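The values are calculated or read from the model by the stated rules, or taken from the named source; none is laboratory data. All figures in this text were calculated on a predicted structure; none of them were measured in a lab. Here the Cβ positions follow ideal geometry from the backbone for every residue, glycine too, while neighbour counts run over all protein chains shown.
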Amino acid sequence: MDAAISVAGLTKRYGGRTAVDGVSFEVRRGESFGILGPNGAGKTTTLEMIEGLRRPDGGTITLLGQPVWPDPRRIQARIGVQLQTTSLFDMLTARELLELFARFYLRQDAEERTRIALELVGLEAKADDYAKRLSGGQQQRLAIALALVHDPDIVFLDEPTTGLDPQARRNLWDVIRSINTDQGKTVVLTTHYLEEAEELCDRVAIMDESRIVALDTPAGLIATLDADARVSYTDAAGDHTVYVKDAQATVLEVLEQARAGGDTIRNLAVKGADLEDVFMQLTGREYRE
Ligand SMILES: Nc1ncnc2c1ncn2[C@@H]1O[C@H](COP(=O)(O)OP(=O)(O)OP(=O)(O)O)[C@@H](O)[C@H]1O
Ligand SMILES: [Mg+2]
């Protein structure tokens with residue numbers, strides 16, 4: 001079975017600056033794939049080249065067996081896109097917008113597709129509200145519904161939960177999971193939330209400074225740390241962070257040594273190893289959301 005997405009040597013420059021630098025990866029059909037990275041890493045640029053919205057300076061992109069460039073229109077009916085910022089027609093209702101989009105794709109069953117999309121994202125009760133009257137979370141849902149209304153094979157979501165409160169984010173996770181698991185669609189999303197990537201994605205590409213620095217399942221990425229926990233503390237000599245297998249033994253040892261030396265330990269913290277630690281090991285920097 002061929003890949004849903006195949007990207008090789010993808011490169012984009014803006015003026016003298018390289019925003020995406022030789023990025024290569026494959027996404028399998030039915031997979032939920034995440035691109036995780038801090039602001040400016042190159043996630044949106046990568047996504048929009050794959051979606052046929054920005055022309056690459058180098059490299060190749062194949063979607064469902066077909067090259068995207070130089071003529072992206074051929075493949076665009078089979079993909080659904082939620083852009084990082086969506087501006088909707090304010091004076092149309094959610095339902096009207098969905099039907100309009102379905103008709104853009106020449107769907108004869110626009111009303112039925114609209115009903116399905118509204119149900120998928122749980123917006124049935126808001127169907128006849130103006131788009132501009134919806135809350136932030138509801139607008140994100142509508143943007144996802146718009147990406148789904150023509151029943152595409154691959155759905156691209158660029159930071160679908162940014163700006164939402166934790167509860168709204170979790171609700172949207174259920175929606176995204178169901179698009180992938182129940183609807184069987186290939187999902188590609190970008191995020192700068194580590195837990196979101198860990199929670200939603202079968203595999204995660206960690207992107208930093210225009211390149212993919214690691215790509216694996218969340219568990220596989222965490223396993224590269226060869227540690228189960230992160231212990232951090234402050235003593236007279238400064239801040240320390242260590243990755244260890246036996247957190248209890250480490251904590252006891254740190255406290256023992258401090259007592260023996262008449263030192264005081266502050267800010268002692270122990271946490272299970274996660275993608276934040278993977279990022280730190282790869283880049284030498286803390287991951288800041
Ligand atoms: N249209 C553009 N013109 C010039 N530079 C751009 C353009 N779009 C993006 N860039 C630059 O390319 C780099 C990557 O941007 P991109 O939007 O792909 O990052 P990102 O990972 O999506 O970040 P964020 O998490 O903030 O959305 C940044 O340095 C950005 O300033
Ligand atoms: Mg972006």
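Could you list all residues from the stretch 27-70 that are at pLDDT 95 or above, buried (at least 22 other Cβ atoms within 10 Å of the Cβ), small (Gly, Ala, Ser) and assigned to a loop (DSSP other than H, G, I, E, B)?
ALA41, GLY42
Please go through the stretch 179-225 and pick out each residue that is within 16 Å of ligand 1 (Cβ to nearest atom), surrounded by fewer than 21 Cβ atoms within 10 Å (Cβ to Cβ) and in a strand (DSSP E or B).
Once the filter is applied, which keeps residues that are within 16 Å of ligand 1 (Cβ to nearest atom), surrounded by fewer than 21 Cβ atoms within 10 Å (Cβ to Cβ) and in a strand (DSSP E or B), the stretch 179-225 yields ASP208, ARG211, VAL213, ALA214, LEU215.
Would you point out the residue of the stretch 39-87, among those that are of a type in the set (S, T, N, Q) and over 15 Å from the mean Cα position of the chain (by Cα), that is nearest to VAL27 (Cα to Cα)?
THR62
Working only within the stretch 222-253, note down all residues that are touching a Phe, Trp or Tyr at 6+ places or on another chain (Cβ under 9 Å), closer than 25 Å to GLU196 by Cα and not β-branched (Val, Ile, Thr).
Correct list: LEU225, ASP226, ALA227, ASP228, ALA229, ARG230.
Just name the residue that is farthest from ALA214 (Cα to Cα) out of those in the stretch 1-17 that are within 16 Å of ligand 2 (Cβ to nearest atom) and surrounded by 15 or more Cβ atoms within 10 Å (Cβ to Cβ).
LYS12
Pairs needed: first member in the stretch 203-218, of a type in the set (Asp, Glu); second member anywhere, modelled with pLDDT of 95 or more and crowded, with 22+ Cβ neighbours inside 10 Å; C-beta distance under 8 Å; at least 6 residues apart or different chains.
Taking only residues 6 or more apart or on different chains, the pairs are ASP208/ALA41; GLU209/ALA41; GLU209/GLY42; ASP216/VAL204.
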